[in-house]
1. Can you tell me how many residues in segment 356-366 are touching a strand residue (DSSP E or B) at 6+ places or on another chain (Cβ under 8 Å) and surrounded by fewer than 20 Cβ atoms within 10 Å (Cβ to Cβ)?
2. Between 164, 176, 227, 169, which is in contact with a strand residue (DSSP E or B) (Cβ under 9 Å, 6 or more places away or on another chain) and not aliphatic (A, V, I, L, M)?
3. Kindly check whether there is at least one residue in segment 198-206 that is assigned to a loop (DSSP other than H, G, I, E, B) and more than 29 Å from residue 329 (Cα to Cα).
4. Just need a number here: residues in segment 332-355 that are open to solvent by 60 Å² or more (accessible area, probe 1.4 Å) and in contact (Cβ under 8 Å) with a residue 40 or more places away in the chain.
5. Quick one: residue 231 ticks every box in (1) in a strand (DSSP E or B); (2) open to solvent by less than 40 Å² (accessible area, probe 1.4 Å); (3) in contact with a helix residue (DSSP H, G or I) (Cβ under 8 Å, 6 or more places away or on another chain) except a single one, so which number is it?
6. Among the numbered criteria (1) over 21 Å from the mean Cα position of the chain (by Cα); (2) open to solvent by 70 Å² or more (accessible area, probe 1.4 Å); (3) in contact (Cβ under 8 Å) with a residue 12 or more places away in the chain, which one does residue 141 miss?
7. Listed residues 25, 46, 32; which is exposed (fewer than 15 other Cβ atoms within 10 Å of the Cβ), part of a loop (DSSP other than H, G, I, E, B) and either among the basic types (Lys, Arg) or touching a strand residue (DSSP E or B) at 6+ places or on another chain (Cβ under 8 Å) (or both)?
8. List every residue pair whose Cβ atoms lie under 9 Å apart, where the two residues are 6 or more positions apart in sequence or sit on different chains, the first residue falls within segment 264-276 and is within 25 Å of residue 318 (Cβ to Cβ), and the second residue, located anywhere, is hydroxyl-bearing (Ser, Thr, Tyr).
Amino acid sequence: MYDSIVIGSGAAGSVTARQLAEVGKRVLVLEKRPHIAGNCYDKPDKFGILIHVYGPHIFHTNEEEVFEFLSQFTDWRLFGHEVAANVHGELIPIPFNLNTLHKVYDEEKASRLEAVLIREYGEGSRVPIMKLRENSNPEIKAIAGYVYENVFLRYTMKQWGQKPEEISPEVTARVPVLISHDNRYFQDKYQGMPKEGYTAMFEKMLDHANITVRLSADCKDCMEFLPDRVLFEGKEFTGSVIYTGALDELFDWKYGRLPYRSLDFQFEHLDMDSFQGRSVVNYTVSEEFTRITEFKHLTGQTDTDGTTIVREYPFAYTGAKGEIPYYAILNEENQMLYQKYADLVKPLQNVYLLGRLAEYKYYNIDAIVKRALELAETIRRYRILSWALRRRTVFWINWRTWFVSFFPTMCRRERISLS
């Protein structure tokens, strides 16, 4: 019998499963797909190039605990990830920074504007584009206008199907204007790729005597989530259940579908050494796709014939066969709909929701690893507390029975209350 059931083998599920297994819990991992690693899944294509099947994933973090945990299962290819935007045929660094400023404007104007930005916001600061647009300084407003029109507006509308003003600040703040000469897309201490790939890292993570993994296993085929309890293979399951999938799907879309954006990935292998000379180029003002990723520049592979790229085409998720929900569309209406589903889980004290889909949130890899580590520790402590309380109750009942049977006369005479 299992102590815990983890539904999903992506970062959220795999980390939680490993941590629970390490403290002696017998863990069953149910994975609907025929492979582990969730959307981080990577594999060699038929040309031997390691590709990310569900789009590029670059690991980055400032969390020492997260980096040390993952480093148990992989060596790293650490590098500063850089992204360029194709703006009317010219490649400029993004997020928009002081180097970008000098590519867009002539040297004299760029130097003056750089001084203005540093004076206004401080060197090294990160300013969300929507906040930059609020500045009353006409020169800063002009910079904000350029960034908004050429870097942010069309790209955002392609990616989200909405204008930036309609999108949650949590999303729009993810690509700020950087008041620095740092061309890296992230400024975290650690950034790069697992040396052998994400799949290899998660394989090692799930390789534990206390972990059983079932692939191509839909949890709804062996589990029932009733209003007051969970059934596993027809019997009540009282161990911990960690659910990382789409919450509306778990309850058969009872209140309607939660809105998501999805992606169509178009892979292409080219008979050339390199297509774009870098890992990622965003197309911010043209084309129907949002970006092109060239994988060999992410993985560092050099012994390849040709190169493999992928173009990403965003679209509204409908739930049709083959579509995958990638990005929650965060607004008040959708959050209220999500809460109705979350309320169905509240009475189930042993069920925990974890991850992008289950929590209807956006998480970077490091953030979800940290959440998973915290959740596993919470479950461990809760189980210890429950055990201690049960042991205390048993001890109290046994002590009361022993005392009354050993001193029955005294108890009756003194009318001692032991309840």
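The values are calculated or read from the model by the stated rules, or taken from the named source; none is laboratory data. What you see is a predicted model; the values in this text were computed from it and never measured. In this analysis, Cβ positions are derived from the backbone assuming ideal geometry, glycine residues included, and neighbour counts consider all displayed protein chains. Quick note on the areas: whole protein, heavy atoms, side chains included, nothing else; ligands and nucleic acids left out. Shrake-Rupley method; radii C 1.70, N 1.55, O 1.52, S 1.80 Å.
1. Counting residues in segment 356-366 that are touching a strand residue (DSSP E or B) at 6+ places or on another chain (Cβ under 8 Å) and surrounded by fewer than 20 Cβ atoms within 10 Å (Cβ to Cβ) gives 4.
2. Only one candidate qualifies: 176.
3. no
4. Step one: of segment 332-355, the residues open to solvent by 60 Å² or more (accessible area, probe 1.4 Å) are 332-333, 335-336, 339-340, 343, 346-347, 349.
Right, trim to in contact (Cβ under 8 Å) with a residue 40 or more places away in the chain and you get 340, 347.
Matching residues across segment 332-355 total 2.
5. Single failed check for residue 231: (3).
6. (3)
7. None of the other options fit; the residue is 46.
8. Note: pairs meeting the criteria are 264/313; 265/54; 265/313; 266/313; 267/308.
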